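Read-outs throughout are calculated quantities, based only on the coordinates presented, and are distinct from any laboratory measurement. In this text the structure is predicted, and so the values were computed from the model without any measurement. With ideal geometry, Cβ positions are generated from the backbone for all residues, glycine too; neighbour counts draw on all protein chains shown.
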Amino acid sequence: MDAAVFREPRKRATPVAGGEIAGLEFGPTDRPIDIVFVHANGFNAQTYRTLLSPLAAGLRILAIDQRGHGETTLPANPEGRRSWRDLRDDLIGLLDALDGPPVVLAGHSMGGTVGLLAAAERPERVKGLVLLDPVVMPWLAMLYAKAPWTSGRMWRRMPMVQAALRRRAVFDSRETAFAAYKGRGAFKTWPETMLADYVAGGFVERPEGVVELACAPAWEASNYAAQAHDPWRAVRQAKAPVRILKAEKHSTFRAGDGFARRGRDVRIETVPGTSHFLPMERPDVVRDALFDMATR
C-alpha cells in the first residue's frame, strides 16, 4: 500500500468572502483536488480522517470545516437564520477558489445537502456527488419551511434543536470529553478512532485550561432549525450524477423515490444495518462509493 495512506493530512486554509475555510488535505500534492468532503452538523473535517485516509494512495481529498465548526474563521451568528444558504455560499466560494478540473462533492448529513445546494449553483465545478444520508425533508414539509410566514419558531421547538441547546460545551480536557461520549448516545456505534478524531478536531482550548466545543450549541441548534432551503430544486438543477447512500434506520433522507425522479441521474441505495452514522458504521461502503465516483 502506498505510503501516502499513512501520512497525516495537511492543514489548509482557503480565503473566501468573510474569512477562511479551514480544511485537511489528503493524498498527493502533484494532482488536482479529486474530492471535497463536507461534514455533518456539529462535526468537523478531522472526524472523517480514518474514512478518507485510505483513499489518499491515489486521490487528493480536501475535507473542510464548515462555518461555525472546527478551525474555520467565518462568523457564525445563529440569530435570524432560516436556511443553509450561507453554508452553500461558503462552499461555492471554496469551489471558485480551487484550481483544476471539476471535483466530486461528498458529504454526510447536512454536509451532503449543502454539497447538493452548491452543485446546483456551480454545475460546471462538480463532476459528481456522493451524499451520505443527506437531510432532505418530504416536499410538503420543505414547502412549509420555506413559507414567508414561518419564522422558524416551530423548528426551534424540535427535540433535536432543544437537545443541541442543552449540550455540554465545556470539559476539563479532551480526554474528559472522550470518556463522556464513549459508547453513549449518538456515539454508541462509532469506532474509538473516529470518536477520538471528532474530539481532537471539535474542541478549542481556552486560556483557563479547559476545552470548549468549536461548534457552539446555539449554532448547532440553528442548523437543525434553519430549513428554508430547497434540495428538491437543487437536485433538479444539478447536472452531475448523484449517488445517495441512505441509512436503514433513523435516516434523515425522507424524500422517497420521487426525489430521484426530479434529477437527471440520481441513484438511491439503502445501506443495510446502518443508522444515520453510516460513514462510521460502514466506511468500506462509503470509500467504494467515493472511489467509484472520483474515477468514473
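Dipole size in debye (nearest 20) for the chain around its Cα centre, Lys and Arg Cβ +1, Asp and Glu Cβ -1?
It comes to approximately 1120 debye.
Using Cβ counts within 10 Å as a stand-in for footprinting exposure, how do 53, 83 rank, fewest first?
83, 53
Taking Rh as the Kirkwood radius, which is the inverse of the mean 1/r over Cα pairs, what is the Rg/Rh value for the range 1-60?
0.98
Under the √(5λ) rule applied to the eigenvalues of the Cα gyration tensor, what semi-axes describe the equivalent ellipsoid of the range 165-296? Give them in Å, descending.
33, 19, 14
Roughly how far apart, in whole Å, are the Cα centres of the range 241-296 and the range 220-234?
The range 241-296 and the range 220-234 have Cα centres separated by 19 Å.
Which GluC sites (Glu not before Pro) from the range 198-279 combine a DSSP loop assignment with at most 11 other Cβ atoms within 10 Å?
Taking the range 198-279 and a limit of 11 other Cβ atoms within 10 Å, the loop GluC sites (Glu not before Pro) found are 208.
Expressed in whole Å with the largest first, what are the equivalent ellipsoid semi-axes of the range 49-145 derived from the C-alpha gyration tensor as the square root of 5 times each eigenvalue?
Semi-axis lengths for the range 49-145 are 23, 16, 14 Å.
Kindly provide the helix-only [θ] at 222 nm of the chain, computed as the sum of -39,500 (n - 2.57) over DSSP H runs of four or more divided by all residues, to the nearest 500 deg cm²/dmol?
-9500 deg cm²/dmol
Take the alpha carbon atoms of the range 171-199, find their center, do the same for the range 66-134, and report the distance between the two centers in whole angstrom.
Answer, in whole Å: 26.
If you take the alpha carbon radius of gyration of the range 186-234 and divide it by 2.2 N^0.38 Å, what ratio comes out, to two decimals?
1.58
Relative contact order, percent, of the range 89-228 when contacts are C-alpha pairs under 8 Å separated by at least 6 residues?
Reported as a whole number, the value is 22 percent.
Obtain the nm distance between the two label points defined at residue 173 and residue 158 by a simple spin-label model: each point lies 7 Å from its Cα along the Cα-to-C-beta direction.
Once both label points are built, they end up 3.7 nm from each other.
Could you pull out the GluC sites (Glu not before Pro) across the range 1-106 that fall in loop regions by DSSP (anything but H, G, I, E, B) with no more than 16 other Cβ atoms inside 10 Å?
79
Taking neighbour Cβ counts within 10 Å as the exposure measure, how do 34, 133, 284 sort from fewest upward?
284, 34, 133
Let me check I have the definition right: for the chain, take the eigenvalues of the Cα gyration tensor, multiply each by 5, take square roots. What are those semi-axes in whole Å, largest first?
Equivalent-ellipsoid dimensions as semi-axes: 25, 25, 19 Å.
Arranged by the count of other C-beta atoms within 10 angstrom, fewest first, what order do 144, 198, 48, 224 take?
144, 224, 198, 48
List the trypsin sites (Lys or Arg not before Pro) in the range 138-224 that DSSP assigns to loop (not H, G, I, E or B) and whose Cβ has at most 12 other Cβ atoms within 10 Å. Which are they?
Hits after loop and neighbour filter: 157, 166, 168, 184, 188.
Which of these, 200, 226, 180, has the largest mean-square fluctuation under a Gaussian network model of the chain (Cα springs below 10 Å)?
180
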